[in-house]
Amino acid sequence: MLGAMNTLKIGWAGRDISTDRPVDIPGQFHIRVSRGVSDPITATALALEGDADPAILVSADLIAIRPPLLEEVRAAVAARIPGFPVEKLLLNATHTHTGASYSGAIAGMATPSQVPHEGIEIASSDEYRAFLVARIAEAAAEAWARRAPGGMTYGYGYAVVGHSRRTVYFDDVSKRPGAAGRPGMNVAGHAVMYGNTDDPRFSHYEAGADATVNLLYTFDTAGRLTGAVINVPCPSQNSEHEWQLSADYWHDVRVEIRRRHGDIFLLPQCAAAGDLAPRVLHGKAAQDRRFRLQYGADDLASQRERIARRDIARRIAAAFDETLEWSRKDVRSDAPLRHTVRTIALQRRFITKTEYTAHLRELRRLEAEPFARAGTPEERLVHDSTLVARRNRCRRVLERYAEQAGRPRLPMELHTIRLGDVAFVSNPFELYMDFMHRIQARSPFIQTFVVQLCGVLPDGADGYLATERGVRGKGYSASLYCNRVSPRGGQELVDATVAALKEIYSGAAPRRDQI
């Protein structure tokens, strides 16, 4: 039972946001069209209310949260919850690469309207967005309506999920004999995304791995577990090449934890993981042997990533159980809640005159390249949409060059939420892990949940946010195509976030029994 003093109110709700319609699946350079639903993609809402402030946290199995979605969800929530300050709704994506498209292209990729696709039906992204907005708003409103006195506790466990996906070489890969770049896709250097480690010039991985799983649990007044926030520094992209809708490893996590704890609500968050991925790059033979022996898998070529998802789920569930066992000794019903939202401006990554000239030339070359005339409709779609994506990304470089002098900084929305001795902070990026560690190391809170891929403001900052060493190494995710904000802007994000955390922190040292 919780104590008599109870100022915290908690509500949960969720919705299935899957569709059987043949929608575009964003997450690759080429367009994929969904062939049904492999497992449900969902939206989960957690409503919190304290004496002074409210917050609604929503997580959705999507690749990113673009401005039209954030704006329309907030408008729909305003209509359903009169008087609720909708700027205090925080919407994040799990970054599944098998979610549905709701607003055309992501980060300059191709849209179905730009690519011929005779013989292939592709449903309207606007049609799906209307459905999606309604479902997310319903979940948020239901969670708010269901808020009731309850308690929370928090803690952390360990589960290795993400691994560095940037390999670094002793030499500049772009200068090797026969090396050829792909304008609009990559700018090679000493670093390569998913590079070959069986290479005599392989030096190291650019980043390490963060095995920390930040967890926040909620309870009703009888002490029953009602839900949890699970914050993992790894995108959900084991199934990133599939042509069916899927929540990726988060589906397996939900299945495994609910098998152990019943039908509780689970709200997944992707912590900073722009340079991480849920797969190993060396030791693959050892992993395959493990999968064969542990899971009885014979055809690993078709089962490997599905088994990896299940394996990840077991590790996260083990961390969930171990942390719950000791953290529930300290359930609080009077945790102070404070939620601030502000817009900050970050220095953009500038395009040089040389880069502009090179991409003007490459765009002309790409525009002269014809669409495919041979192959199946699907093969032509893959070829043509990749070509259009490369053109779009070159155009984006030219547009950024034209506007950067007049707009040297880009806005982003920063949420800072205090719940007792823990805090949540947001950003819209695929944020490199180092920036998260800089924030957490300087935070005054016992635990700080960094949540990436939250809503993007209109014409605001987004994309990968790479570190100084990442930009020096180049490669995908640290190239001029991927970064609208510079490493200096990343440090500005760190400093602004830490300042906001200190502002909402009372300054009082936690009691010994709270640590």
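The values are calculated or read from the model by the stated rules, or taken from the named source; none is laboratory data. The structure presented is a predicted model; accordingly, all values stated were derived computationally and were not measured. Neighbour counts are summed over all protein chains in view; Cβ atoms, including those assigned to glycine, are modelled from backbone coordinates with ideal geometry. When the accessible area is computed, the model is the full protein with side chains, heavy atoms only, and any ligands, DNA or RNA have been set aside. Shrake-Rupley method; radii C 1.70, N 1.55, O 1.52, S 1.80 Å.
A few notes on this one:
- Bridge type composition, the chain - antiparallel percent by DSSP, nearest 5: 75
- The simple spin-label model puts a point 7 Å past each Cα toward its Cβ; for ASP51 and ASP299 those points are separated by 6.2 nm.
- Excluding ligands, DNA and RNA, the accessible surface per residue across segment 238-369 is 48 Å² with a 1.4 Å probe.
- Taking the charge dipole of the chain about its Cα centre, with +1 at Lys and Arg Cβ atoms and -1 at Asp and Glu Cβ atoms, the residue from MET412, ALA389, ALA402 reaching farthest to the positive side is ALA402.
- Cβ-Cβ FRET estimate between THR352 and VAL255, R0 fixed at 51 Å, reported to 0.05: 0.55
- Ranked by how many other beta carbons lie within 10 Å on average, peptides 346-357, 208-219 from highest: 208-219, 346-357
- For segment 370-515, the Cβ-based charge dipole about the Cα centre amounts to some 440 debye (Lys, Arg positive; Asp, Glu negative; other atoms uncharged).
- Whole-Å distance, taken between Cα centres, linking segment 19-95 and segment 395-434: 18
- Sorting 295-305, 246-256, 455-465 by average packing, meaning the other beta carbons within 10 Å per residue, from highest down gives 246-256, 455-465, 295-305.
- Projecting the Cα atoms of LEU266, GLY296, LEU324 onto the charge dipole of segment 260-335 (Cβ charges, centred on the Cα centre) puts GLY296 farthest toward the positive pole.
- By DSSP, the beta bridges lying fully in segment 162-279 are antiparallel in about 70 percent of cases.
- Charge dipole (Cα centre; +1 on Lys/Arg Cβ, -1 on Asp/Glu Cβ; no other charges) of the chain amounts to roughly 980 debye.
- GLY490 sits among other residues whose Cβ lies under 11 Å from its own Cβ, and their net charge, with Lys and Arg +1 and Asp and Glu -1, is -1.
- At most 15 other Cβ within 10 Å, DSSP loop - trypsin sites (Lys or Arg not before Pro), segment 152-207: ARG201
- Pairs of Lys in the chain closer than 21 Å at Cα, counting only those 8 or more apart or on different chains: 5
- Computed [θ] at 222 nm, helices only, for the chain once each DSSP H run of length n ≥ 4 contributes -39500 (n - 2.57): -11000 deg cm²/dmol
- With both residues required to sit in segment 384-515, DSSP beta bridges show an antiparallel share near 40%.
- Taking label points 7 Å from Cα along the Cα-to-Cβ direction, ARG290 and ARG328 give a separation of 2.9 nm.
- Scalar couplings 3J(HN,Hα) for segment 197-213, obtained by applying the Karplus form with A = 6.51, B = -1.76, C = 1.60 to θ = phi - 60°, are 8, 8, 9, x, 9, 5, 9, 5, 8, 5, 10, x, 9, 10, 8, 6, 10 Hz; x denotes Gly and Pro.
- Rounded to the nearest 20 debye, the dipole size of segment 425-501 about its Cα centre is 260 debye, using +1 on the Cβ of Lys and Arg and -1 on the Cβ of Asp and Glu.
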